[in-house]
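FYI, it's all coordinate maths here, none of it is from the lab. All of these numbers come straight from a predicted model, not from anything done at the bench. Ideal geometry is used to build each Cβ from the backbone, glycine not excepted, and the neighbour counts take in all protein chains shown.
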Amino acid sequence: MARLGTFVTATVGALASMASARAADLPRQVAPVETRWVAPVPQVFTWYLRADLGFRANSVSDGVTSAGFPALTDNPVGNSAFGGAGAGFKLRQIRTDLTIDYSSEATYTGSGPAAAASVKVQAITGLANIYYDIGTWWRVTPYIGAGAGVARLTVSDYRSVTNPPLTAVENNPVNNFAWALMAGANYPLLPNLCVDVGYRFLDQGDVRTAADAFGHLTLKHLRSHEARIGVRWTYAAPYAFTW
C-alpha cells in the first residue's frame, strides 16, 4: 500500500512538471494597448500693429542721365529721416504686414565740368512685407524679410547753375515700383509689446526733374540703406484654428 501511494505521488508530480513546462512553451498573451484620439494642435494667428522711425542713407545707384544737360560726374544724395506705421499678423514663424513710410526731403546736388544742379526729393513708400523669424535665443528673435510695393516720389526746388541761374518749377509726383530686403531682431518688453531693431535696403526707382533752358535730369534708381527702430503691439486675444 505504501508503494502504491509513493507511485501515485510520483506520477502526479511528473504530470505537474510536464504541464508546467508545456505552459512555459506557450506564447504569452499581451494586453491590448489602449489608443486614444489626440486633438490637432491649434495654429494661432496673432495680429499686431507697428510704428517705426529711422534714418536713410540715399544714393542714385546708376547715376544721372540728362536730356540736353551737360554731363554731371559727381552725384551725391543727402540723407533723410522717416517715420512709418503698419499692421500685420503672425502664424508660427512667418509674419506679414502692410507698411507705409513718409520720409523727409533728400537733396541731390550734382556737379560736373560744365554745370551743376540740385533738387529735393521726398518719398512716400507703401510695401507688403513677409518675414521669417529664425528662432529665439536669450529672448532675442532675429529675422529676415522682403517687401514689394509702390514709392511715390516728388521733386521740388530744382535749380541748375547757368549764366544767369535758372529755376524750374517742380514736376508732378511719380509712382514707381519699389522693393526692399530686411534683416533685424526683436526683443520683448512686455508680454504683448516688443522692440524691433533692423536694417532695410530700399529701391524706389527713377525720378525726373522739371526742365529748364538746359533740359531735365533723371535720377536713376534712388536707393536707400535704412537703420530702423520700432515697436510692435500684439493683440492679446489671438484667433486659433485647427487643421
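Observations
- The mean sequence distance of close C-alpha pairs (under 8 Å, at least 6 residues apart), as a share of the length of region 43-241, puts its relative contact order at 25 percent.
- Taking a sphere under 11 Å around the Cβ of GLY78 and counting the other residues whose Cβ falls inside, with K and R at +1 and D and E at -1, yields a net charge of +1.
- Cα-centre dipole for region 43-241 with unit charges at Cβ (Lys and Arg positive, Asp and Glu negative), debye to 20: 560 debye
- For region 180-203, the residues whose backbone nitrogen is under 18 Å from a point 7 Å from the Cα of ALA146, taken along Cα to Cβ, are 180-184, 199-203.
- Simple spin-label estimate for SER61 and THR218 in nanometres, 7 Å along Cα-Cβ: 1.7 nm
- Positive-end extreme of charge dipole, region 43-241 - chosen from ILE130, LEU190, ASN176 (charges on Cβ): LEU190
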